[in-house]
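Contents: one structure, followed by commentary.
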Amino acid sequence: MLPLRKNIAEMAGYVPGFQPQEEGWIKLNTNENPYPPSPMVAEAIVAEMGNGGENLRKYPDAGSKEARQIAAELYRVDPEWVIMANGSDELLNNLIRAFAGEGEEVAYIHPSYSYYATLAEIQGARIRTFGLTEDFKIADFPERYEGKLFFLTSPNAPLGFVFDNSYIEKLAQRCSGILVVDEAYADFADDSAMRLVQKYENVVVTRTFSKSYSLAGMRLGLAIARPEVIQALDKIRDHYHLDRLALVAASAALKDQEYLRLNVGRVRNVRDCFSNDLRTFGYQVIPSHANYVFAVPTDRDGKRVYEALFKRKILVRYFSDPLLQHGLRISIGTREEMQKTLAALREIG
Ligand SMILES: *Cc1c(COP(=O)(O)O)cnc(C)c1O
């Protein structure tokens, strides 16, 4: 018998979305951006490699200084309030490691991002979930929540609605522990909880470069939080968690805000058109503030439609969870991809 820790032996492990390696799929299942990243990113990566990759023999800047500086300017905070990460998943992991000891409680909303549960299991923390009301508020949230961390995904994945700031502010006041606002999709929304970080000492905001910046393949994220939190996260991360190429990619992407606006604008336009078109033939679509929609066919059988799309090499996300099985999460692709998807859905009925 391997001397594994009990919680590791007992846990199932996270299953990431399907990533087909062959061509020919319309891939709308993991919320990647259909457009390429800013051209400055590739330029910066090529420059950073140096002649024949000679720069790669040297370790990167362990403190991500340049990228933190640029992010700090963008979000109008001091650099001590910023940390960069190897995907925002790394931040979620390190927040749990920093704040929730074995047997202590971590909470999140169900449905939202189930990876929080996997990370909590690894740590041996206890997990609590809160449901949603019909009007997308949290059901039965206590007047005072005593758990160590509460993960609030806003915009919500997979449903796409957003919690407004006044509501998040009340939650911050009711949490004894840390309120982590996972804003993986906030660039596609109109508002953000970023300003609450300076007002409430227990609020942390995490962002990813995987969706709005079209950089899922680079593995980049960041968090904004007060310096005491950032220092704790800095203590426990791998010292060289970001490689040289990721670091220059982050800086270049953050600097090119004009491209981000254009990129996000395109996705939002396609999203809103696609949502309206779906509604015209009977689908229910939750108004989305992200780069995907949660859509419900008239017979409320998500699996049937998922399988029919799969046969046509269109990949979307179906969840067997009883709360979600009546619909599908469809990532927003290019205009052409969404037109093909729409045509297929019309045919499938
Ligand atoms: C995609 C996603 C993440 C992970 O982002 P990475 O930066 O790719 O690790 C975190 N939270 C939510 C809600 C996401 O959808």
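Numbers below:
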item	result
Answer residue from region 6-56, given it is out of contact with any helix residue (DSSP H, G or I) (no Cβ under 9 Å at 6 or more places or on another chain) and in contact (Cβ under 8 Å) with a residue 24 or more places away in the chain and is surrounded by the most Cβ atoms within 10 Å (Cβ to Cβ) among those	Asn29
Residue, surrounded by the most Cβ atoms within 10 Å (Cβ to Cβ), within region 120-136, restricted to residues that are over 20 Å from the mean Cα position of the chain (by Cα) and in a loop (DSSP other than H, G, I, E, B)	Ala125
Qualifying residue in region 82-89 (condition: of a type outside the set (Val, Ile, Thr) and away from the ligand (no atom under 13 Å from the Cβ))	no
Some residue of region 201-222 being surrounded by fewer than 16 Cβ atoms within 10 Å (Cβ to Cβ), in contact (Cβ under 8 Å) with a residue 12 or more places away in the chain and of a type in the set (A, V, I, L, M)	no
Number of the condition not met by Ala223 [criteria: (1) of a type outside the set (S, T, N, Q); (2) touching a strand residue (DSSP E or B) at 6+ places or on another chain (Cβ under 8 Å); (3) part of a helix (DSSP H, G or I)]	(3)
Region 162-209, subset among the charged types (D, E, K, R) and under 21 Å from Glu146 (Cα atoms), residue nearest to the ligand (Cβ to nearest atom)	Asp182
Any hit, region 125-144, residues being within 11 Å of the ligand (Cβ to nearest atom) and out of contact with any Cys (no Cβ under 9 Å at 6 or more places or on another chain)	no
Restricting region 104-119 to residues that are assigned to a loop (DSSP other than H, G, I, E, B) and polar (S, T, N, Q), the residue that is nearest to the ligand (Cβ to nearest atom)	Ser112
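Residue-by-condition table, conditions (1) closer than 23 Å to Phe319 by Cα; (2) without any contact (Cβ under 8 Å) to a residue 40 or more places away in the chain; (3) in contact with a strand residue (DSSP E or B) (Cβ under 6 Å, 6 or more places away or on another chain); (4) not assigned by TED's automatic domain parsing to the domain that holds Ser88:
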{"site": "Leu247", "(1), (2), (3), (4)": "no, no, no, no"}
{"site": "Gly265", "(1), (2), (3), (4)": "no, yes, no, yes"}
{"site": "Arg268", "(1), (2), (3), (4)": "no, no, no, yes"}
{"site": "Arg271", "(1), (2), (3), (4)": "yes, no, no, yes"}
{"site": "Phe274", "(1), (2), (3), (4)": "yes, no, no, yes"}
{"site": "Tyr283", "(1), (2), (3), (4)": "yes, no, yes, yes"}
{"site": "Pro287", "(1), (2), (3), (4)": "yes, no, no, yes"}
{"site": "Ala290", "(1), (2), (3), (4)": "yes, no, no, yes"}
{"site": "Val293", "(1), (2), (3), (4)": "yes, no, yes, yes"}
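Matching residues to (1) of a type outside the set (Phe, Trp, Tyr); (2) more than 28 Å from Asn7 (Cβ to Cβ); (3) not assigned by TED's automatic domain parsing to the domain that holds Met84:
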site	(1), (2), (3)
Ser112	yes, no, no
Ala125	yes, no, no
Phe150	no, no, no
Ser166	yes, yes, no
Ser176	yes, no, no
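The values are calculated or read from the model by the stated rules, or taken from the named source; none is laboratory data. As the structure is a prediction and not an experimental result, all values here were calculated from the model. Please note: Cβ atoms are built from the backbone with ideal geometry, for glycine as well, and neighbour counts cover all protein chains shown.
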